[in-house]
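Student: So that we are looking at the same thing, I have put the structure below in structure tokens.
The values are calculated or read from the model by the stated rules, or taken from the named source; none is laboratory data. The structure presented is a predicted model; accordingly, all values stated were derived computationally and were not measured. Because the Cβ atoms are built from the backbone with ideal geometry, glycine has one as well, and the counts that use them run over all protein chains shown. Only protein heavy atoms, including side chains, enter the accessible area calculation; ligands, DNA and RNA are left aside. Shrake-Rupley method; radii C 1.70, N 1.55, O 1.52, S 1.80 Å.
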Amino acid sequence: MKKIFLFSVIILLSKGISAQEDVEHLSFKDVVHVNWESSFKEALSKSKEEKKPILIYFTGSDWCGPCKVLDKKLFHSAKFKELADKDLILYEADNPRNKDLVSPNKLEETHKLIRKYKVKSYPTLVFVNHRGKMIGYKKGLILTEYYYPFIESVIENY
């Protein structure tokens with residue numbers, strides 16, 4: 001019995017050490033952040049001024065598993081940041097279960113956009129022009145690399 005207990009403790013300690021080593025390899029410089037507009041109205045204004053389409057990202061940030069994957073693999077990649085900085089205005093329409101995560105005004109704005117663009121599932125990417133007219137729509141999670149040709153075609157046709 002003592003041998004089994006000792007063996008279990010050794011295994012647990014070795015797992016803890018290896019998990020800690022994995023975390024140490026991460027650094028803040030590897031995390032990429034994109035600039036999301038704080039309101040849809042600001043995104044429309046900036047879109048008109050800069051002559052760029054708006055990408056509205058409909059997400060359920062605290063409950064939607066595919067949204068979390070898309071957020072990590074697409075929106076936090078250097079490739080997407082470069083594309084977005086050059087050619088897109090970004091707006092996140094978050095519909096979390098924990099309503100305290102977003103302001104009441106932003107939540108109301110999100111619900112208006114959900115109705116306007118008939119969003120039924122998450123994640124959903126909606127591209128609009130500076131007047132709010134839809135020019136592209138992609139729902140669900142697909143391989144990250146498959147988003148780029150779609151996004152680039154929306155930008156080219158804008």
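Student: Using unit Cβ charges (K, R positive; D, E negative) and no other charged atoms, how large, in debye to the nearest 20, is the dipole of the stretch 27-144 about its Cα centre? Mind showing how you got there, number by number?
Tutor: Details: 24 positive and 15 negative charges, 108 e Å.
Once rounded to the nearest 20, the dipole reads 520 debye.
Student: Working out 0.36 nm times the residue gap between L101 and N35, then minus their Cα-Cα distance, what length gain in nm do you get to one decimal? Show your work: numbers first, answer last.
Tutor: Numbers: separation 66, 0.36 × 66 = 23.76 nm, distance 1.82 nm.
Once the chain is fully extended between L101 and N35, it gains 21.9 nm.
Student: For the stretch 25-158, just say rounded, prolate or oblate: build the C-alpha gyration tensor, square-root its eigenvalues into a ≥ b ≥ c, call rounded for a/c under 1.5, and beyond that prolate if a/b exceeds b/c, oblate if not.
Tutor: Cα axes put the stretch 25-158 in the rounded bin.
Student: Just how much of L107 is accessible, in Å², when a 1.4 Å probe is used and the result is rounded to the nearest 10?
Tutor: Result for L107: roughly 20 Å² accessible.
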